[in-house]
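Written below as structure tokens is the structure these notes are about.
The values are calculated or read from the model by the stated rules, or taken from the named source; none is laboratory data. Because the structure is predicted, anything quoted here is derived from the model rather than measured. With ideal geometry, Cβ positions are generated from the backbone for all residues, glycine too; neighbour counts draw on all protein chains shown. For accessibility, only protein heavy atoms count, side chains too; no ligands or nucleic acids. Shrake-Rupley method; radii C 1.70, N 1.55, O 1.52, S 1.80 Å.
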2 protein chains.
Amino acid sequence: MTSSPRPLDATQLGAYFALIEASSLLKHAVEQQLREAGDLSYVQFQLLATLGDSDTGSRRMTDLADGVVYSRSGLTYQAQTLESRGLVTRTPSADDERSVTVTITAEGSAVLAAVFPGHVGLLDHLLFAALSRADIEALADVLGRARDHMRQNPPRSAAPRRRKKADPAG
Amino acid sequence: MTSSPRPLDATQLGAYFALIEASSLLKHAVEQQLREAGDLSYVQFQLLATLGDSDTGSRRMTDLADGVVYSRSGLTYQAQTLESRGLVTRTPSADDERSVTVTITAEGSAVLAAVFPGHVGLLDHLLFAALSRADIEALADVLGRARDHMRQNPPRSAAPRRRKKADPAG
DNA sequence: CGCAGTTGCTTCGAATCCGAAGCACCGTCA
DNA sequence: TGACGGTGCTTCGGATTCGAAGCAACTGCG
């Protein structure tokens, strides 16, 4: 049953733990800053930032979910919340009648702008303060490649959909 | 109000996004593997692993919570769940009557051993496959320092406790 | 066209998570 | 000893999360 993979060496274990711990600590800290600055959860901020980053300020639900690594149903919930607060709008897509286009509003942009300086400040003090220029470049490079690799090998998160018929690989 | 911090440059932004995305993708994938292999959530696995790593197989609740970056109340919930499944025991501490000592059981160790090979295999294929030896060493080094820095500057997570007296800033 | 399989999103139910408040014990100071 | 603030954990209430199931629209094939 177990394919008995090579056990991880100390460096690999260190990298893994450091990745999980660092991201958890950072997320935690950022979440508090966002909550105080603009009453946003981390996901909500990610969604607004993703939309703000887009040329049109719009994205499809599915693309948003994939972008922030979130479940579809979770995104529906958050989109409803953001819409009720007037930070985004949801409109049926012209192309595809099934699809819903989420667009950031002026107020959404305002909230984003309001929390952003504090967000950047926190990152500066908490994450980048301990790192050199070369460290940051290495981080961007290595983690960027890791991310790309994982995006290409979706273990099952972003997999299209659980098929009904038996898995041919089984 | 806003202290107008230097905006982040492209490399910093890339490092930040890559960190969040990579950790999210990895967590997501690991969570599925753990669910299938031993019906464990990620936190539960982290807790068992932390206990298993200890010489005595025991830790205080607070130390566990800090270790895995979790709320106290959340840890209480998980400890109850793990206890009801017979994977850990909870006993009042001899030293301090308030304190609760959590100890991993033989069955807990067995579950841990059962999921571990798959866990390692997943890390190998998903995270380390895309990285060179030097990459992994850099990751462990840089993220390790970042983690240590963040642990020393608890933004408010591990802060002792919200005071009762009115906030002087108000 | 009409059917079958697929995709995009929402609803539903249950599990999980957190902060605030509460309770009990600990340590210090007089 | 007795008061008092600090610490460790749990309970409580509400918000958030996910997977499974459901519904509607799209696509390919004859």
_Dipole magnitude (debye, nearest 20) for chain B, charges at Cβ of Lys, Arg, Asp, Glu_ = 940 debye
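Would you mind giving the mean number of other chain beta-carbons within 10 Å of the Cβ of each residue in B:28-35, as a whole number?
Numbers: counts 9, 6, 3, 2, 3, 2, 0, 0.
That works out to 3 on average.
Please give the per residue accessible area of chain B, computed with a probe of 1.4 Å over protein heavy atoms only, in Å². Kindly include the intermediate steps, with their values, before the conclusion.
Values: 9280 Å² over 170 residues.
Dividing the accessible area of chain B by its residue count gives 55 Å².
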*asked:* How far apart, in nanometres, would the label points at residue B:145 and residue B:10 be if each is projected 7 angstrom from Cα along the Cα-to-Cβ direction?
replied: 2.4 nm
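How about region B:63-104: which trypsin sites (Lys or Arg not before Pro) there are in a DSSP loop, with at most 16 other Cβ atoms within 10 Å of their Cβ?
Working: sites: B:72, B:85, B:90, B:98; in loops: B:85, B:98.
Of the trypsin sites (Lys or Arg not before Pro), the ones in loops of region B:63-104 whose Cβ has at most 16 other Cβ atoms within 10 Å are B:85, B:98.
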_Given charges at beta-carbon only (K, R positive; D, E negative), |dipole| of the protein assembly as shown in Debye_ = 800 debye
*asked:* Given the DSSP H assignment, sum -39500 (n - 2.57) over each helix run of at least 4 residues in chain A and divide by its residue total; what's the result at 222 nm in deg cm²/dmol, nearest 500?
replied: -20500 deg cm²/dmol
*Starting from the Cα of residue A:17, step 7 Å toward the Cβ, then list every residue of region B:54-69 with an amide N under 11 Å from that point.*
B:54
*Could you sort A:66, A:53 by accessible area so the largest value comes first, with the probe set to 1.4 Å?*
A:53, A:66
*asked:* What FRET efficiency comes out for residue A:63 versus residue B:55 if R0 is 35 angstrom and r is the Cβ-Cβ distance? Round to the nearest 0.05.
replied: 0.10
*Expressed as a whole number of Å, what is the distance separating the alpha-carbon centroids of region A:34-98 and region B:48-76?*
35 Å
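Using a 10 Å cut-off on Cβ to Cβ distances, tally the other chain neighbours for every residue of B:63-70 and report the average as a whole number. The partial results should precede the final answer.
Numbers: counts 0, 0, 0, 0, 1, 3, 9, 2.
Taking the mean over all residues of the peptide, I get 2.
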*Ignore the peptide's own chain and count Cβ atoms of other chains within 10 Å of each Cβ in A:116-124; give me the average, rounded.*
5
*Based on the mean of other beta carbon atoms within 10 Å per residue, what is the order of B:15-28, B:122-135, most packed first?*
B:15-28, B:122-135
_Buried accessible area, chains A and B (both chains, 1.4 Å probe, Å² to nearest 100)_ = 6200 Å²
*From largest accessible area down, sort A:95, A:39; use a 1.4 Å probe on the protein chains.*
A:95, A:39
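So if I place +1 on the C-beta of Lys and Arg and -1 on the C-beta of Asp and Glu, and nothing else carries charge, what would the dipole magnitude of region A:9-102 be about its Cα centre? I want it in debye, nearest 20.
Working: 8 positive and 13 negative charges, 51 e Å.
Taking the Cα centre of region A:9-102 as origin, the dipole is about 240 debye.
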